[in-house]
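Note sheet for the following structure.
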Amino acid sequence: MLRFVLNRFLAMILTLWVIATLTFLLMHAIPGSPFNNLNGKVLSDAAVKNLEAHYHIDQPLPIQYFIYLKSIATFTYGPSIKQPAQTVNDLLGRGFPVSFELGMWALVVAVLTGVLLGIFAALKHNGLIDYLAMTLAVLGISIPNFVLATLLIQEFAVNLHLLPAGTWQGLSYMIMPIIALATGPMAIIARLIRSSMLEVLTQDYIRTAQAKGLPPFIIVMKHALKNALLPVVTVLGTLAASILTGTFVIEKIFAIPGMGKYFVDSINSRDYPVIMGTTMFYSALLILMLFLVDLAYGWLDPRIKQSKEGSK
Amino acid sequence: MKKPLGKLLEVKNLHVSFQTHGGEVHAVRGVDFDIEQGETLAIVGESGCGKSVTSLAVMGLIPKPHGKIVAGSIQFKGTEISTLSAKRMRRIQGSDLSMIFQDPMTALNPTLTIGSQLTEGIIYQKKLSRQAAHQKAIEMLELVGLSNAEQRMKQYPHQFSGGMRQRIVIAMALICKPSLIIADEPTTALDVTIQAQILELFDQIQEETNVSMIMITHDLGVVAKTADRVAVMYAGKIVEMGDKRDIFYHAKHPYTQALLNAIVRLDLPSDTLKPIEGAPPDLFAPPQGCSFCDRCPFAMEVCRHVQPPTTAVDDHHTADCWLLDKRADAALAKG
């Protein structure tokens, strides 16, 4: 097990290096410089030269690349070019907790409601609940989250005055963004659980469990669900990614002070340290998610765990 | 030994049907049998004759909503169980009446340790503590001949061979000390040497626990080794029933005779297989007369129109065949 974790850790670092290199190349492939338009002021050539020297942008690309790799390895991204008063770490420290709170809640809500909806649909296969749940699922998959977000604001904030339309100041502010973000993933999970549950329920070991006289609740929760969860865990990594990137749009719509704003702004203004910091941060987060998904596999299906250990 | 309080299980006129896209299948069409404490009844027949459906009906595991017990009664220890609510049936399932399924490779849940699968039944049924159940499960694993039971409890099904898994399934069926075990083709999925070991194990268990068994099989070798009495099923009906000796040496029904003839014997110089010509009848529309008459070399006119009554050959031996009627000789001589 330790060996597996260690191997994966090395692979993670390698992946991060590839992402860092690609980001570096793309970042410098975009024409323009951070000093083209600094907070609305046009700078003199001499000032630009000085600034470029200060940020090492006048150096040849290979040298910039090494400076860049060094700053990533030591987590010292330096101050933002556009807002020199704060470092990239400050921005991350302020924006990330908000984005993380929103993203995690959305993921938790999506998984819980998706799994429940899927189970009910499977147990009442071809019944009313099944049809309702699957109609909801198709709607959830086909409506983009920004459309849903605007509809929610229109209905619950503008028409009914039930919920605040934006910003991030407490529970009532969280409800609509979380719903908007969670609905799509929830629908995908519900459909997956339903179909894998239907398959699992016809397996011989379910009949064995019935022959033991176990009540349906225990059979579903203990015997069926663990097997039915596997396909969901497979997509959980990608779903987490889509939720994280989904937060960019949702944060914008609901005026939530998360990381999405910095991410998009930094690219528009060629704020190199901020691009670097946010990209690496999100990449590391995603890779970590995928790693957790792999660990969850082993927990759900002991056969996978063993073959993994056996192959190392 | 316990005194037998009447019959342990009495099945009377059992009819089971399935609703399918093609119409209603009459899988079991009037089956009668009974079992006493400590006895083994073998139900033999070819694929699709309704032997597994009969056993599922007794276990209360007919898949709903397609399958249904249409008529008949199943009495277990004097209680009618065919009409029990699912909730009350659960108290009997697995505790007093348990089942061993055909394929040990799929009958165990791949994601749970065998310890958890062994103990869950007795914890739920008999409200045993985890430790007590654990102890009991180890005892059972030792009884079925698994060494290192303590460590084995923590392992998953894929870490066992087919024969060992079947032993675990048997231990699972035994753990609540049932009065009756239904074994549905318990050796079919195993290779021959393991088959012999498992059958040996059944003998030993029965000696130690005096449990009654229904052995569902299509293998007459298994019947010869385990059964006290034999019921031969064909097209949803029991066509002949008797003690093991009656069936093997004095078979009266042409189907039983044909079945015995079809056994491949390694000790005789016969080089050809003697299959039963033809195919079983369509159970969407069961025949009016005897279901075997199309394949029967002795079929008479009456066989096509009227179902043969169950006729007693002697005390424990019955067969459903017109040949046993007093008028048969005359009819055959004439025709």
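Peptide A:236-247: average number of partner chain Cβ atoms within 10 Å per residue? Walk me through the numbers before you get to the answer.
On the way: counts 0, 0, 0, 0, 0, 0, 0, 0, 0, 0, 0, 0.
So the per-residue partner count for this stretch is 0.
Report the one residue of B:SER116, B:ALA333, B:TYR255 whose Cα lies farthest in the direction of the positive end of the charge dipole of the protein assembly as shown (charges on C-beta: Lys and Arg +1, Asp and Glu -1; origin at the Cα centre).
Projecting each Cα onto the dipole axis, the largest value belongs to B:SER116.
Using Cα pairs closer than 8 Å and at least 6 residues apart in sequence, work out the relative contact order for chain A, in percent.
About 26 percent, as a whole number.
Given charges of +1 on the Cβ of Lys and Arg and -1 on the Cβ of Asp and Glu, with all other atoms neutral, how large is the dipole of the stretch A:88-269 about its Cα centre, in debye to the nearest 20?
Around 500 debye, computed over the stretch A:88-269.
Can you sort A:PHE120, A:PHE75 from fewest to most other Cβ atoms within 10 Å of each residue's own Cβ?
Details: A:PHE120 18, A:PHE75 12.
Least to most surrounded, the residues fall as A:PHE75, A:PHE120.
Indicate the gyration tensor shape class of chain B (rounded, prolate or oblate), computed on the Cα atoms with a ≥ b ≥ c the square roots of the eigenvalues: a/c under 1.5 is rounded; otherwise a/b larger than b/c is prolate and the rest oblate.
prolate
In peptide A:213-222, what is the residue-averaged number of other protein chain Cβ atoms found within 10 Å of each Cβ?
4
List A:VAL249, B:VAL169 from most exposed to least, where exposure is judged by having the fewest other Cβ atoms within 10 Å.
Listing A:VAL249, B:VAL169 from fewest to most nearby Cβ atoms yields A:VAL249, B:VAL169.
So for the pair A:VAL264, B:HIS66, with labels modelled 7 Å out along Cα→Cβ, what separation do we get in nm?
In this crude spin-label approximation the distance works out to 5.2 nm.
Using the Karplus curve 6.51 cos²θ - 1.76 cosθ + 1.60 with θ = phi - 60°, what ³J(HN,Hα) values do you get for each residue of the stretch A:178-195, in whole Hz, with x for Gly and Pro?
Once θ is set to phi - 60°, the couplings for the stretch A:178-195 become 5, 4, 4, 7, 8, 4, x, x, 4, 5, 4, 5, 4, 5, 5, 4, 4, 5 Hz.
Among A:LEU116, A:ASN126, A:SER269, whose Cα lies farthest out toward the positive end of the dipole of the stretch A:88-269, if unit charges sit on the beta carbon of Lys, Arg (+1) and Asp, Glu (-1)?
Result: A:ASN126.
What list of ³J(HN,Hα) values in whole Hz, one per residue of the stretch A:68-85 in order, does the Karplus curve 6.51 cos²θ - 1.76 cosθ + 1.60 (θ = phi - 60°) give from phi, with Gly and Pro shown as x?
Each residue of the stretch A:68-85 in turn: 5, 4, 5, 5, 5, 5, 9, 6, 10, 7, x, x, 5, 6, 6, 10, x, 6 Hz.
Can you give me the angle between helix A:230-253 and the longest principal axis of chain A, using Cα atoms only, in degrees from 0 to 90, rounded to the nearest 10?
Helix A:230-253 sits roughly 40 degrees off the main axis of chain A.
Compute the distance from the alpha-carbon center of the stretch B:101-179 to that of the stretch A:1-33, in whole Å.
48
Is chain A best put as rounded, prolate or oblate by its Cα gyration tensor, with a ≥ b ≥ c the root eigenvalues, rounded for a/c under 1.5, and otherwise prolate when a/b is larger than b/c, oblate when not?
Oblate, since a/c reaches 1.5 and b/c is not below a/b.
Could you identify which residue out of B:SER17, B:SER161, B:SER179 has the top mean-square fluctuation in a GNM of chain B using Cα springs shorter than 10 Å?
Per the Cα network of chain B with a 10 Å cutoff, B:SER161 tops the list.
Could you count how many Lys pairs in the stretch A:88-269 have their Cα atoms under 26 Å apart, skipping same-chain pairs fewer than 8 positions apart?
6
Tell me, which cysteines of chain B are without a disulfide-compatible partner by the Cβ under 4.7 Å rule?
B:CYS49, B:CYS176, B:CYS296, B:CYS321
Would you work out the charge dipole size for the protein assembly as shown about its Cα centre, treating the Cβ of every Lys and Arg as +1 and the Cβ of every Asp and Glu as -1, and quote it to the nearest 20 debye?
My answer is approximately 1460 debye.
Given the protein assembly as shown, what percent of its DSSP beta bridges are antiparallel, to the nearest 5?
Percent antiparallel among DSSP bridges in the protein assembly as shown is about 65.
Nearest 0.05, what FRET efficiency do A:PHE75 and A:ILE141 give at R0 = 41 Å with Cβ-Cβ as r? Spell out each step's value before the answer.
Details: r = 39 Å, r/R0 = 0.94.
After rounding, the FRET efficiency stands at 0.60.
Taking 41 Å as R0, compute the FRET efficiency from the Cβ-Cβ separation of B:GLU80 and B:ASP282 and round it to 0.05. It would help to have the intermediate numbers written out before the result.
Values: r = 32 Å, r/R0 = 0.78.
Calculated transfer efficiency: 0.80.
Post the alpha-carbon centroid distance, the stretch A:54-103 to the stretch B:194-259, in whole angstrom.
80
Averaged across the residues of B:93-102, what count of C-beta atoms belonging to other chains lies within 10 Å of each residue's C-beta?
Details: counts 5, 7, 2, 1, 2, 3, 5, 2, 5, 1.
Mean shielding by partner chains, rounded to a whole number: 3.
Using just the helices of chain A, give the 222 nm mean residue ellipticity in deg cm²/dmol: DSSP H runs with n ≥ 4 each add -39,500 (n - 2.57), and the total is spread over all residues, rounded to 500.
When only DSSP H runs of four or more count, the value is -24500 deg cm²/dmol.
For the stretch B:298-315, what does the Karplus curve 6.51 cos²θ - 1.76 cosθ + 1.60, with θ = phi - 60°, yield as ³J(HN,Hα) per residue in whole Hz, taken in order and with x for Gly and Pro?
10, 4, 10, 4, 4, 4, 6, 10, 10, 5, x, x, 6, 10, 7, 8, 8, 3
Using unit Cβ charges (K, R positive; D, E negative) and no other charged atoms, how large, in debye to the nearest 20, is the dipole of the stretch B:268-325 about its Cα centre? The partial results should precede the final answer.
Values: 3 positive and 9 negative charges, 32 e Å.
I would put it at about 160 debye.
Could you please report the charge total around B:ILE114, scoring K, R as +1 and D, E as -1 over all other residues with beta-carbon less than 13 angstrom from its beta-carbon?
Values: positive: B:ARG152, B:LYS154, B:ARG165, B:ARG167; negative: B:GLU120, B:GLU150.
Surrounding charge for B:ILE114 is +2.
Can you give me the long-range amide H partners of B:ILE43? Hydrogens built in the peptide plane at 1.01 Å from N, cutoff under 5 Å, separation of 5 or more residues or another chain.
B:MET215, B:ILE216, B:THR217, B:ALA231
Which one, A:VAL48, A:PHE4, A:THR76, is farthest towards the positive end of the dipole of the stretch A:1-126 when Lys and Arg carry +1 and Asp and Glu -1 on their Cβ?
A:PHE4
Arrange the following residues from fewest to most other Cβ atoms within 10 Å of their Cβ: B:PHE298, B:PHE101.
Exposure proxy ranking, most exposed first: B:PHE298, B:PHE101.
According to the square roots a ≥ b ≥ c of the eigenvalues of the Cα gyration tensor, what is the shape class of the stretch B:293-332, taking rounded for a/c under 1.5, prolate for a/b larger than b/c otherwise, and oblate for the remainder? Could you put the intermediate results ahead of the total?
Details: a/c = 2.07, a/b = 1.58, b/c = 1.31.
In terms of gyration-tensor shape, prolate.
Just so you know, all these numbers are worked out from the coordinates, no wet-lab data involved. Everything numeric here is computed off the predicted structure, so don't read it as measured data. Don't worry about glycine lacking a Cβ; one is built from the backbone with ideal geometry, like all the others, and counts go over all protein chains shown.
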